[in-house]
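All remarks here apply to the structure that follows.
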Amino acid sequence: MATKRLSVGRRGFLKSAVAVVATARVAPSSATAQDSPTTGNQNWLALTRETALEPQLAIIDPHHHFWDVADRTPERYLLAQLVADAKGHNLRQTVFIECGSMYRADGPEEFRVVGETEFVQGIAAESASGRYGDLRAAAGIVGAADLRLGDRVAPVLEAQIAASPQRFRGIRHGGAWAEPGVLPNGSVATRGSNRPAVVPHLLLDPAFRRGYAHLRTYGLSFEGWVYHTQIAELTDLAKAFPDTTIIFNHLGGPIGVGQYAGRRDQVFAAWKSAVAELARCPNVVAKVGGIQMVVNGYGWHERTQPPTSDELLAANRDWYLYMIDRFTPARCMFESNFPVDRLSCSYTVLWNQFKKLTKDFSASDRSAMFRDTASRIYRLPRS
């Protein structure tokens with residue numbers, strides 16, 4: 001999910017299998033909190049420096065975005081920026097997730113979303129040229145479609161597949177919505193007006209479900225992006241369509257701002273119960289990460305200096321381990337959610353956190369979460 005500065009983010013249980021290693025080297029701080037979310041916020045991020053741990057460990061990042069617009073932070077995030085962020089880690093492939101980039105300016109409204117896939121297909125081809133090294137960015141592409149079109153969404157899905165027949169894998173029609181008054185700035189996170197609308201209880205809407213039924217026909221998966229208050233609705237959707245794979249985004253968006261500020265333990269308890277029920281659905285897999293957004297309430301972006309991987313791990317460990325415990329490594333994949341989570345930490349620090357988290361896991365379990373689950377679910381070529 002991509003927004004401007006006032007954006008979103010989230011956070012677990014099970015206290016074993018974790019060893020904190022490799023103390024980070026932190027540079028002296030001379031910035032102020034106001035320096036953090038500048039355009040690109042590179043100077044602020046540079047105040048916390050770490051060396052990438054286990055640089056040979058192969059990674060597939062199954063959740064990131066590309067854009068080039070003036071009203072987001074950073075304003076530009078394209079292949080060169082991703083490559084620079086990932087330097088030091090062995091990032092082999094990535095999956096692009098829709099974020100409202102480069103929609104067509106003309107033509108029928110419902111088909112304008114195809115412009116984003118065309119845009120990312122070009123970036124994928126640029127990466128496949130080898131100019132940026134061994135990384136194959138956007139080896140999988142997840143685009144948008146307004147599933148509330150019902151049966152009329154079928155030709156849109158066909159157009160998306162045609163725009164990238166070798167890479168297009170699924171649809172995200174975000175459903176993250178909260179009751180009025182819960183979030184400081186409204187019921188949904190700031191998003192472009194051209195993106196498919198988020199409406200109350202979207203996942204239960206009959207028209208949405210008519211459109212959703214077509215995903216199975218085309219072999220497409222669905223990215224389940226909701227807040228923690230809606231996880232039960234995603235579970236209902238998974239049970240109603242057991243033959244469609246759902247990828248659970250960002251740990252289900254635990255809210256830590258507005259009415260939920262200072263209520264972390266209460267949110268965690270409710271979240272655990274909802275996640276346990278969702279995990280019983282065999283057609284659901286989980287992305288572990290994506291909870292460093294403003295909506296998650298950690299306030300990293302307001303600090304004088306960005307967090308180290310040890311600090312991130314201390315804050316996120318319980319949430320991550322509960323997810324892994326319930327879904328198992330074979331149904332989990334680590335994600336960056338960059339550049340959205342870049343508001344709070346660097347790519348190096350983020351992935352160091354995951355490596356520290358899993359230090360005592362088996363080699364096969366680590367391989368599943370860092371690479372194999374994503375490769376299988378998104379049907380990526382071996383790299």
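The values are calculated or read from the model by the stated rules, or taken from the named source; none is laboratory data. Computed from a predicted structure; not experimentally measured. Note: ideal-geometry Cβ built from the backbone for every residue, glycine included; neighbour counts use all protein chains shown. Ligands, DNA and RNA are excluded from the accessible area calculation, which covers all protein heavy atoms including side chains. Shrake-Rupley method; radii C 1.70, N 1.55, O 1.52, S 1.80 Å.
Is there any pair with a first residue in the stretch 332-357 that is open to solvent by 10 Å² or more (accessible area, probe 1.4 Å) and a second that is aliphatic (A, V, I, L, M) and assigned to a helix (DSSP H, G or I) whose Cβ atoms are under 8 Å apart and which are 6 or more apart or on different chains, and what are they?
Correct list of pairs: Arg342/Leu45; Leu343/Val294; Ser346/Leu45.
Out of the stretch 198-211, which residues are out of contact with any helix residue (DSSP H, G or I) (no Cβ under 6 Å at 6 or more places or on another chain) and closer than 16 Å to Phe222 by Cα?
Val198, Asp205, Arg209
Can you work out which of the residues in the stretch 283-297 that are surrounded by 24 or more Cβ atoms within 10 Å (Cβ to Cβ) and of a type outside the set (A, V, I, L, M, F, W, C) is nearest to Gln42 (Cα to Cα)?
Ranking the qualifying residues of the stretch 283-297, first place goes to Gln292.
Open to solvent by 30 Å² or more (accessible area, probe 1.4 Å) and in contact with a strand residue (DSSP E or B) (Cβ under 6 Å, 6 or more places away or on another chain): is that true of Ser383 in this structure?
Considered against the rule, which asks whether it is open to solvent by 30 Å² or more (accessible area, probe 1.4 Å) and in contact with a strand residue (DSSP E or B) (Cβ under 6 Å, 6 or more places away or on another chain), Ser383 comes out as yes.
May I ask you to say which residue of Gly256, Gly219 is at pLDDT 95 or above, part of a loop (DSSP other than H, G, I, E, B) and farther than 20 Å from Ala145 by Cα?
On inspection, the qualifying residue turns out to be Gly256.
With respect to Ala178, determine if the residue is over 30 Å from Leu380 (Cβ atoms) and modelled with pLDDT under 95.
Criteria met by Ala178.
Looking at the stretch 115-145, which of its residues are crowded, with 24+ Cβ neighbours inside 10 Å and either closer than 22 Å to Leu57 by Cα or not small (Gly, Ala, Ser) (or both)?
Within the stretch 115-145, Glu116, Thr117, Val120, Ala137, Ala138, Ala139, Gly140, Ile141, Val142 meet the criteria.
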